[in-house]
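Here is the structure we will look at, set down as structure tokens.
The values are calculated or read from the model by the stated rules, or taken from the named source; none is laboratory data. Remember, it's a predicted structure, so these values are computed and weren't measured experimentally. What goes into the accessible areas is simple: the full protein's heavy atoms, side chains included, and nothing from ligands, DNA or RNA. Shrake-Rupley method; radii C 1.70, N 1.55, O 1.52, S 1.80 Å.
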Amino acid sequence: MQYEVVVEAAQAGLIAAVRAKVPISGIAQAWKPALDQVWAFLKANSGLHPGHNLFLYHHPEHRNEPMNIDFGVQVPHAFEPEGNVHCVETPAGEVAKTVHIGPYDRIGDAHNVIHAWCAAHNRKIAHASWEIYGDWNNDPALLETTIEYLLAS
């Protein structure tokens, strides 16, 4: 897949999320139990009108170390925490962004493209990145995920 990296200003947003500390290799096993808790919370709190799934990655000092990840769902307003589900704000600021269209097991390609773009353009990645998962499609080739990396100023 061809990726286009664009730089734009991201606005802060809110997610209902469960945080877990996992290595990159553990994301595939960690996301579903976390999101199951979030969706159960959202179903019990119908006033939150959920948006898309969003995974917020808090970057460790070294790329391959375990990291805190907020596995969440976009929500329109703040709420009080309940159990493991907390209201988390996504960062605002300048981001490097691309869109991955295709199966989730190839999403790492999009992350690698952003890292390469940042290196080629002398841009430093800041403390966070996130993935916004588009609407579900039974055809994995049509799944759309937006990846954004906060850039250091």
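Hydrodynamic estimate: the Kirkwood radius of the chain over Cα pairs, inserted into Stokes-Einstein at 4 °C and 1.567 mPa s, corresponds to D of 81 µm²/s. Expressed as a whole percent, the proportion of Cα-Cα pairs in segment 66-153 lying more than 14 Å apart is 70%. For K21, give me every one of the lysines with a C-alpha distance below 19 angstrom, ignoring sequence neighbours fewer than eight places off in its own chain. The qualifying lysines are K32.
Heavy atoms only, probe 1.4 Å: what % of the accessible area of the chain goes to carbon and sulfur, would you let me know?
On the way: 4420 of 8480 Å².
It is 52 percent, rounded to a whole number.
Taking the C-alpha atoms only, the angle from helix 107-120 to the longest principal axis of the chain is near 50 degrees.
With bins 10 Å wide beginning at 0, the percent of Cα pairs of segment 14-84 falling in each bin runs 21, 50, 23, 5. Take the chain with all the other protein chains still there, run a 1.4 Å probe, and you get 55 Å² of accessible area per residue.
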